[in-house]
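Visitor: Structure below; questions to follow.
The values are calculated or read from the model by the stated rules, or taken from the named source; none is laboratory data. Note that the coordinates shown come from a computational prediction; the quantities given were computed from them, not determined experimentally. Cβ: placed from backbone, ideal geometry, glycine included. Neighbour counts: every protein chain shown.
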Amino acid sequence: MKRDILFLTTVGMVIWSAFFFTAGGAMAGQYDPLLKVLIKKGILTEREAIEIQREAMADEERQRSKLTKEIREETTTKDLKGLKFKMLAYLDYSIGKKAAPLGGQKSYNEFTVKRGYLRVYKTITPWLAGHLTYDVHQDEAGDWKARLKYLYALFRPGNLGILTEMKAEVGLGHTPWLDFEEHINPYRCQGTMAIERAGIFNSADLGISLHGNWGGELEDAVVNTGNSHYAGRYGSWHIGVYNGSGYHSKENNSNKVVEGRLTIRPLPESLPGLQLSYFGLYGKANEKSDINKGYPDYQVHMGFLSYEHPRFIFTAQYFVTEGNKDGKWLKRNGKALWTENYSFFVNVRPPVYPMSSWLDRKLNLFFRYDHVDRDKNNQVAKDAHYNLYIAGGTIEVSHGNYILADYEFTDFGNDFGDRYSSAPSLANKPGNQQKFQIVYQLKF
């Protein structure tokens, strides 16, 4: 009995000590010193010693593999925790005619990908996150290019009295206006919003900004307004300092542009969908004037009224600008022209009977009108404007995925330039342009 106990104890010691040896040593007869003693005393044969050492090494390898797997799984889980990937694309078919100088229209008929966005989000800590968006587009030569649209660190400083849900973006981030409007007018896949289409600025820029809500979040925002974004109980706000060149132009001066948006929800209980907004921008244009070699003034002032309901959206905006970010709209003395612009948008989600039909709350009808005047005070030209009309409808296939069909017509004044961002051009006479468009918005 004692001999058996001694034998089992010895074997256990051998197994534990065998973790420190290699298979090569065992095969060559290089045993653990304790095994050698046991062989010498006749307690173990060489074959038994080899088997014990093999089993110990196999057990060690299993333990090592298990530990490696656990470490790998823990590391992978840690790396993937808080990581999200999203994708958004506009798959477009358009047929129509583009405006050209002296009324010479150019016909086209094409399938294209208007935009493809790959979005990566990572929550690092409760107060720190990161965001990356790649923007895939086709350039004028027909090549498909991927460029950065957003790449910023997101800090959450917490609440400060009535200032709630605050977030700071550092890097290539959102500018205060367009992301806000695009979450009210959901049809970015059809084309850009009024102020961007007019050539005044785009939706992202390098800089630093801070945004948040007024007084917490609106209760049951989706039920009451149909929108969960920018759902501050009393409104929201966003202020930032940027290069001013936009996300697909380089910075050509040392000037910085200050931008801010203030949105008030005056009646959160009785009219939760009603919001009043002001947007302002002040700085210098990103390009020098060819006339006086200085950087033209650049400022924007906008008033915006919006009303949102699960079955109805209405917006009205009026904005004046002194020049644009590119510094192309100039008087004869090289100073920036003042522009005058306004836009209206309405979206209706009509009830479909029977109300239980899958199409109810999925069918939308919309209309938009833009008026843009590049020379408000007729300093260079008297007819440097355009009127844009868009009418269409959508059917939502799934959340965020829908088919859009619309007709777009743009009537240009005689002195409007040949591109949306160009300066007024006397007697250019671009005439009008029109298109019929079908878009599938793919989102996941």
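Visitor: Return the pair list, or none, for Cβ contacts closer than 6 Å from residues in the stretch 376-391 that are farther than 16 Å from ARG419 by Cα and touching a residue at least 40 places away in the same chain (Cβ under 8 Å) to residues that are surrounded by 15 or more Cβ atoms within 10 Å (Cβ to Cβ) and aromatic (Phe, Trp, Tyr), at least 6 apart or on different chains.
Guide: From the stretch 376-391, the pairs are LYS376/TRP338; ASN377/TRP338.
Visitor: State whether the residues of the stretch 86-97 include one that is in a strand (DSSP E or B), modelled with pLDDT of 85 or more and farther than 30 Å from ALA146 by Cβ.
Guide: yes
Visitor: Further, regarding this structure: Could you list, in sequence order, the residues of the stretch 137-151 that are part of a strand (DSSP E or B) and without any contact (Cβ under 8 Å) to a residue 40 or more places away in the chain?
Guide: HIS137, GLN138, TRP144, LYS145, ALA146, LEU151 - these are the residues of the stretch 137-151 that are part of a strand (DSSP E or B) and without any contact (Cβ under 8 Å) to a residue 40 or more places away in the chain.
Visitor: Condition first: surrounded by fewer than 19 Cβ atoms within 10 Å (Cβ to Cβ) and charged (D, E, K, R). Can you find one or more residues in the stretch 203-216 that meet it?
Guide: The answer is no; no qualifying residue exists.
Visitor: Under 9 Å between Cβ atoms, which residue pairs at least 6 apart in sequence (or on different chains) link something in the stretch 265-280 that is in contact (Cβ under 8 Å) with a residue 40 or more places away in the chain with a partner that is acidic (Asp, Glu) and part of a loop (DSSP other than H, G, I, E, B)?
Guide: Going by the 9 Å Cβ cut-off, the qualifying pairs are PRO268/GLU219; PRO272/GLU219; PRO272/ASP220.
Visitor: Looking at THR263, is it crowded, with 18+ Cβ neighbours inside 10 Å, of a type in the set (Ser, Thr, Tyr), assigned to a strand (DSSP E or B) and out of contact with any Gly (no Cβ under 8 Å at 6 or more places or on another chain)?
Guide: In short, no.
Visitor: Looking at GLY29, GLY24, which is the one that is small (Gly, Ala, Ser) and either modelled with pLDDT of 75 or more or assigned to a helix (DSSP H, G or I) (or both)?
Guide: GLY24
Visitor: Next question, about the same structure. Please determine whether any residue of the stretch 101-114 is part of a strand (DSSP E or B) and under 23 Å from ALA204 (Cα atoms).
Guide: So far as the stretch 101-114 goes, yes, one or more of its residues are part of a strand (DSSP E or B) and under 23 Å from ALA204 (Cα atoms).
Visitor: Please enumerate the residues belonging to the stretch 160-195 that are surrounded by fewer than 17 Cβ atoms within 10 Å (Cβ to Cβ), in a strand (DSSP E or B) and either of a type in the set (S, T, N, Q) or without any contact (Cβ under 8 Å) to a residue 12 or more places away in the chain (or both).
Guide: LEU160
Visitor: Which residue is nearest to the chain's Cα centre (by Cα), if the candidates are limited to the stretch 387-402 and must be under 11 Å from GLN441 (Cα atoms) and in a strand (DSSP E or B)?
Guide: So, considering only residues that are under 11 Å from GLN441 (Cα atoms) and in a strand (DSSP E or B), the one nearest to the chain's Cα centre (by Cα) is ASN401.
Visitor: Checking ARG419 against (1) closer than 16 Å to GLY191 by Cβ; (2) touching a strand residue (DSSP E or B) at 6+ places or on another chain (Cβ under 6 Å): exactly one of these is not met. Which one?
Guide: (2)
Visitor: Please return the ranges of strands (runs of 3 or more DSSP E) entirely within the stretch 295-353 where 2 or more residues are in contact (Cβ under 8 Å) with a residue 12 or more places away in the chain and outside the structural domain of GLY393 (by TED's automatic domain parsing).
Guide: Counting at least 2 such residues, we get no strands (runs of 3 or more DSSP E) at all.
Visitor: Right, another one. Of the residues GLY392, GLY327, which single one is in contact with an Asp or Glu (Cβ under 8 Å, 6 or more places away or on another chain) and closer than 30 Å to TYR282 by Cβ?
Guide: GLY327
Visitor: Considering every residue within the stretch 222-229, establish whether at least one is in contact (Cβ under 8 Å) with a residue 24 or more places away in the chain, in contact with an Asp or Glu (Cβ under 6 Å, 6 or more places away or on another chain), assigned to a helix (DSSP H, G or I) and of a type in the set (Ser, Thr, Tyr).
Guide: Yes, some residue in the stretch 222-229 is in contact (Cβ under 8 Å) with a residue 24 or more places away in the chain, in contact with an Asp or Glu (Cβ under 6 Å, 6 or more places away or on another chain), assigned to a helix (DSSP H, G or I) and of a type in the set (Ser, Thr, Tyr).
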